[in-house]
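Here the structure is laid out as structure tokens; the discussion comes afterwards.
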Amino acid sequence: MYAFEYHRPASVKQAADLASQFEDSKFLAGGHTLLPTMKLRLAAPANLVDLGQIAELRGIERSGSTVTIGAMMKHAEVANSGDIRSSIPALAEMAELIGDPHVRNRGTIGGSIANNDPSADYPAACLALNATIVTDRRKIAADDFFQGIFSTALDEGELITRVAFQTPKQAAYAKFRNPASRYALVGVFVARHADGVRVAVTGAGSNGVFRVPEMEAALNLSFTPEALDGISVSTDAMNSDIHADAAYRAHLVGVMARRAVQAAASRS
Amino acid sequence: MSATGIGAPVRRKEDQRFVTGQGRYVDDFNRPGQAYAYFLRSPHAHAAIRSIDVSQAKAMPGVLAVFTGDDLAADRIGGLICGWMIHSKDGTPMKAGPHPALAQGKVRYVGDHVAVVIAETLAQAKDAAEAIAVDYDVLPAVVDTAQATKASVQVHDVSPDNTVFNWHLGNKDETDAAFARAKHVTKIDLINNRLVPNPIEPRAALGEYDPGTDNYTLYTTSQNPHVARLVLSAFIGVAPEHKLRVIAPDVGGGFGSKIFIYAEETVCVWAAKKVKRPVKWTSDRSEAFLSDAHGRDHVTHAEMATDENGKIIGLKVHTIANLGAYLSTFSSSVPTYLYAPLLSGQYDIPAIYCEVDGVYTNTAPVDAYRGAGRPEATFVIERLVEKTARELGQDPAEFRRKNYITQFPHATPVIMTYDTGDYAASLDKALELADYRNFQARKQDSARRGKLRGIGFSSYIEACGIAPSQAVGSLGAGVGLWESAEVRVNPTGSVEVLTGSHSHGQGHETTFAQLVSDRLGIPIDQVSIVHGDTDKVQFGMGTYGSRSGAVGMSAIAKALDKVIAKGKKVAAHVLEASEGDVEFKDGRFGIAGTDRSLAFGEVALQAYIAHKFSGQELEPGLKEGAFYDPTNFTFPAGVHICEVEIDPETGVAKIERWTAVDDFGVIINPMIVEGQVHGGIAQGVGQALLEGAVYDQNGQLVTASFNDYCMPRAIDLPSFQVGMTVTPCPSNPLGIKGCGEAGAIAAPPAVINAITDALGHEDIAMPATPQAIWRAAQKARMPMAAE
């Protein structure tokens, strides 16, 4: 790790001001990617703006068919939230599958989404639950937000403040973990909304999280695992590494999608 | 059995400090004026060094010195050594290339040591290392074990085809003859995957030099501090043996990787004198992945011959063993004398022939890792026995039973003479605990749920209690493998035991104290175990090869016998009796047939005040030492049974049941033994299902962090069913065989035999990851497409 200046703003405005004041700055929102990268001297921001003390970035609210989560809410807080467990249990279950207890008590939803790691879980939830990403400047639909691995619609210095999820009728997340890292080798989030089914896949795609229109169409006709028979994703767009090559990942997308539909359909 | 004697499940004395964070590891020591070392490591697997420019680095803030291999050479510091000479079939000695502590002209693996920066802070040392300009001429790398001798790349000048040795053991003609008359021959090709040891505490070294006394001190993460001192002084030459104190304090796991003498501790001791400051180096996890000696890495073809009665009559094995870029301290012994002598397993096999080709590659050095050669041998024999039974259509348990050795002592065709054992007893108990008779019903139940269930056996044997010095000397070892102990009885009757064994997780402070409590009849809290400091313990060979019980405790037992004998002399004077009439029983010296007796502590006091005898008759004091050299290896053996259920859709194999029945001889502390069994199985399951060090073709370590290198977690393991059988070891005074490595040795073939049983074919390698099993399950479904 190289030396850096540490800042701890108390408000979103202060955080944004610091980010604009220092060109070479990074927001710290859990730090599970940033800090190890800095320790390995692969990243060296001159200024670190810690978002951990900003009260307006916290909280969970239910309003009508929307659940809004503050950007600095930790995975464990989402997993254990009564509001989320009762409204979107699949989201709480997803949060409980992230990493290990240490990770879940430090990592945040905003940090995860802003980083857009191709194997992170939250991006799949955002796409499937038709989320709106709220920043200090605007609102961005999840469909427009994720723009390839480690790439998002966020502008320089733009800060995620909240994430608003659309409550589905039924939903489930099926995750196949990377045995070593516990990231998603393949994770499929299936959500059945009043206006249609959304299927989002993380971990598998070489361009990051993606939706599967063929599966969504089939599930709109029949929300059953069998509806997915014969539908496969192309191996061309799949990641390949020592843990899973493209063919295995493509296969797992089908398996996890069926399991997610099975679980979602069995919810009352 | 007393509450703290031999056989009692005494809670570990040392855990009080470990679980309250009061352990003192090397990195916890800080010396006045301490500076920090950072090693610049090679980013290339293979490169010639055209030049190293350290001028800019030397001018960086806080930098005390920057050293390269030239500086070590100028001070006549020798290279790292391999302490076991292996001769090839043709009688020529192994080809040992130079192993400088800092590279001289060439780097040979990613992580190889290029230069060291000594600075006021670690961050300053790292900054300066970035300013060192190394001009590399990058060369192609050889990585693949099986292809190493055919590569155009040459790792060391001494070995044009990268061969270290072509070694063999056994009788080729007799084995060929057995195969010629065989009714059936079973063939198998196996890879024993490369592993990274990963103890929780990474390696560390803190060197210090006192110019007033000309004394050196090294705090280091070592399993054998005296061996480290011997090698550093007599071979590498950084300090004279009598001027060098090596301290190995609390050490957080070793698994073999802390036996060896590495570049870093060598440089820290030497540099401490150069910069006139204590110099500390603590490995981070990334460095540990790159530079700790790895384990295993064999490619093997093996064949087993059986006769018309289903009896094994011959075994042929050819193994290529990857030794990495340099020969580490004991590397040459691992795939040779710690491997081939175990190939007979628990079976009566009249003819065995094994060839081993040791090879160099541009990868980290490979050396002993929990089991060291014996897991590799057990994997070969137990996979082959299982496959043979399947090909012959026989029950794998009964096929084993039919071929078990039943008469002892039994001389195998590969050196070893097994002293005792009852293999069928362990098998019977394991079959019972595993509920083998109802396995088919469980398999059908799994099938109804779309799952594949399999059962796998591992009827393992290992050689521990390393080792009779004359025997290993005749096989090429550079050292004797006895152990020493000193028992110091204090005037108050408390006891200090100084042992040459070293505890880095084994619980010696408890088990060794149990022996003392048992023999002297004193409470366990009256006993202190002292280890890990060459200024306190006179000499010792350290802890590895499950030797501390069988060899280390035998030395203590021998010294305790001397203490008791001396105590009888003292007691005779005090009680005014003849020495021959004094008995020692239940902690008291008494006169047979009378009520006159003295407690152990009273005799200790009398020995020191020396009022009841003259110094001419008897020396005052009560302190005795002993060296114990074993007469044979010990042979722990047992049967492990693994039951897996595979989800063919995902390839996930879940271990549903694990049964372990082990014969470790006499057990000192059953709780600690069970812990060793649990940990060993976890490591073996790790090798079978999860762990594998992968280098790409350029020699970059792909699995260089826990993000990609998968360690076993609790969730990967079932609750173990552990049982014991006991045949006391006849060759040591305590009847101990050793238990530290058994699980890691037994587990891999049990897992793979279970998986291949579930799949219905043999084509799966370790680690059997979900991806690999899924692919193998696809193959199982295809109707003999390849036939």
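The values are calculated or read from the model by the stated rules, or taken from the named source; none is laboratory data. Computed from a prediction, not measured in an experiment: that's the story for all the values here. FYI the Cβ positions are ideal-geometry reconstructions off the backbone, even for glycines, and counts take in every protein chain you see. Each accessible area value is taken on the protein alone, full model and side chains, heavy atoms only, with ligands, DNA and RNA left out. Shrake-Rupley method; radii C 1.70, N 1.55, O 1.52, S 1.80 Å.
So for region A:1-55, Kirkwood radius off the Cα pairs, Stokes-Einstein at 20 °C and 1.002 mPa s: how many µm² s⁻¹?
Numbers: Rh = 11.3 Å.
Estimated diffusion coefficient is 190 µm²/s.
When each of the peptides B:254-267, B:682-695, B:755-768 is scored by how many other beta carbons lie within 10 Å of its residues on average, the order from highest to lowest is B:254-267, B:682-695, B:755-768. Solvent-accessible surface, computed for protein heavy atoms with a probe of 1.4 Å, shrinks by 50 Å² or more for the following residues of region B:733-777 when the other protein chains are added to the isolated chain: B:Gln771, B:Trp774. Rounded, prolate or oblate, given the Cα gyration tensor of region A:113-244, with a/c below 1.5 counting as rounded? Oblate, because a/c is 1.5 or more while a/b does not exceed b/c. Rounded to the nearest 20, the size of the Cβ-charge dipole of the protein assembly as shown about its Cα centre is 1180 debye, with Lys and Arg at +1 and Asp and Glu at -1. Identify, among B:Tyr36, B:Val227, B:Thr725, the residue whose Cα sits farthest towards the positive end of the charge dipole of the protein assembly as shown, taking +1 on the Cβ of Lys and Arg and -1 on the Cβ of Asp and Glu, with the dipole about the Cα centre. My answer, from the dipole projection, is B:Thr725.
Evaluate the charge dipole of region B:509-599 about its Cα centre and quote only its size in Debye, nearest 20, assuming +1 on the Cβ of each Lys and Arg and -1 on the Cβ of each Asp and Glu. The partial results should precede the final answer.
Details: 11 positive and 12 negative charges, 46 e Å.
Approximately 220 debye in magnitude.
Contact residues in region B:121-153 by the 20 Å² criterion (accessible area, 1.4 Å probe, full protein complex versus chain alone): B:Lys126, B:Asp127, B:Glu130.
Share of the protein assembly as shown's accessible area from carbon and sulfur, percent, 1.4 Å?
50
First check a/c for region B:438-554, with a ≥ b ≥ c the square roots of the eigenvalues of its C-alpha gyration tensor; if it is under 1.5, answer rounded, and if not, answer prolate when a/b is larger than b/c or oblate otherwise.
Values: a/c = 3.74, a/b = 1.87, b/c = 2.00.
The shape class here is oblate.
Annotation for B:Gln721 and B:Asp157: the two label points, set 7 Å from Cα along the Cα-Cβ direction, are 6.2 nm apart. Short version: what are the Cα gyration tensor semi-axes of region B:161-309, square root of 5 times each eigenvalue, largest first, in whole Å? For region B:161-309, the semi-axes come out at 46, 18, 12 Å.
Rounded to the nearest whole angstrom, the semi-axes of the ellipsoid equivalent to the protein assembly as shown, taken from the Cα gyration tensor as √(5λ), stand at 52, 38, 31, largest first. Between A:Ser63 and B:Gln697, the distance separating the two model label sites (each 7 Å from Cα on the Cα→Cβ line) works out to 5.8 nm. Multiplying the residue separation of B:Ala592 and B:Glu120 by 0.36 nm and removing their Cα-Cα distance gives an extension gain of 163.1 nm. Between A:Ile231, A:Asn220, A:Tyr248, whose Cα lies farthest towards the positive end of the dipole of region A:213-268 when Lys and Arg beta carbons carry +1 and Asp and Glu beta carbons carry -1, centred on the Cα centre? In region A:213-268, that residue is A:Asn220.
Taking only protein heavy atoms and a 1.4 Å probe, what accessible area per residue, in Å², does the protein assembly as shown have with all protein chains in place? Walk me through the numbers on the way to the answer.
On the way: 39190 Å² over 1055 residues.
Spelled out: the 1.4 Å probe surface of the protein assembly as shown, per residue, equals 37 Å².
Kirkwood hydrodynamic radius of region B:17-84, from the reciprocal of the average inverse Cα-Cα distance over all distinct pairs: 16.4 Å.
Angle check, please: helix A:246-265 long axis (alpha carbons) against the longest principal axis of chain A (alpha carbons), in degrees 0 to 90, nearest 10. That helix lies at roughly 80 degrees to the long axis. Toward the positive end of the charge dipole of chain B, with +1 on the Cβ of Lys and Arg and -1 on the Cβ of Asp and Glu, the farthest Cα among B:Ala131, B:Phe613, B:Gln22 is that of B:Gln22. Considering the zone a paramagnetic label at B:Ser705 would reach in this model (a point 7 Å from Cα along the Cα-to-Cβ line), which residues of region B:114-131 have amide N under 18 Å from it? No residue qualifies, since no backbone N sits under 18 Å from the label point. Taking a straight line from the alpha carbon of B:Lys562, these lysines sit under 17 Å away, with near neighbours fewer than eight places off in the same chain left out: B:Lys585, B:Lys623.
Computed with the Debye formula from one identical point scatterer per Cα of region B:11-150, without solvent, the log10 of I(q)/I(0) at q = 0.10, 0.16 Å⁻¹ comes to -0.53, -0.95.
Shown for chain B are the DSSP H helices of 18 Å or more along their axis, judged by Cα atoms, with a mean Kyte-Doolittle hydropathy of at least 1.0: B:742-759. Spacing of the modelled spin labels on B:Ala146 and A:Phe223, each 7 Å from Cα toward Cβ, amounts to 5.1 nm.
Given only helices, namely DSSP H runs of n ≥ 4 each adding -39500 (n - 2.57), what is the per-residue ellipticity at 222 nm of chain B, to the nearest 500 deg cm²/dmol? Could you put the intermediate results ahead of the total?
Details: 19 runs with 203 residues, N = 787.
For chain B, the value works out to -7500 deg cm²/dmol.
List the pairs from B:Lys183/B:Lys387; B:Lys316/B:Lys387; B:Lys243/B:Lys273; B:Lys106/B:Lys276 whose alpha-carbon separation is above 18 Å, in the order I gave them. Exceeds cut-off: B:Lys106/B:Lys276. Within the same chain, aspartates and glutamates fewer than 8 places from A:Lys13 are excluded, and of the rest, those with a Cα less than 20 Å from its Cα are A:Glu5, A:Glu23, A:Asp24, A:Asp50, A:Glu56, A:Asp136, A:Asp155, A:Glu156, A:Glu158.
Over all directions, average the projected area of the Cα convex hull of region B:233-319 and note it in nm². Before the final figure, lay out the partial values.
Values: hull surface 41.5 nm².
Average projection, Cα convex hull of region B:233-319: 10.4 nm².
Within chain B, the ratio Rg/Rh, alpha carbon atoms throughout and Rh by Kirkwood, equals 0.99.
Could you give the semi-axes, largest first, of the ellipsoid that matches region B:482-628, computed as the square roots of 5 times the alpha carbon gyration tensor eigenvalues and rounded to whole Å? Could you put the intermediate results ahead of the total?
Details: eigenvalues 169, 45, 31 Å².
Working through the eigenvalues yields semi-axes of 29, 15, 12 Å.
Each principal axis of region B:273-412 carries a Cα extent, and these read 73, 31, 24 Å when sorted largest first. For region A:1-55, a crude dipole built from +1 on the beta carbon of Lys and Arg and -1 on the beta carbon of Asp and Glu, taken about the Cα centre, is about 180 debye to the nearest 20. Straightening the chain between B:Gln444 and B:Thr20 buys 147.8 nm, computed as 0.36 nm per residue apart minus the Cα-Cα spacing.
Enter the buried accessible area of the A/B pair, total of both sides, probe 1.4 Å, in Å² rounded to the nearest 100. Write down the numbers at each step before the final one.
On the way: alone 12100 and 28920 Å², together 39190 Å².
When A and B are taken together, about 1800 Å² of accessible area is lost.
For region A:215-263, a decrease in accessible area of 30 Å² or greater in the assembled protein chains relative to the isolated chain, with a 1.4 Å probe, applies to A:Ile242, A:His243, A:Asp245, A:Tyr248, A:His251, A:Arg259. Neighbouring Cβ atoms from other chains, within 10 Å of the Cβ of residues in A:176-184, number 5 on average.
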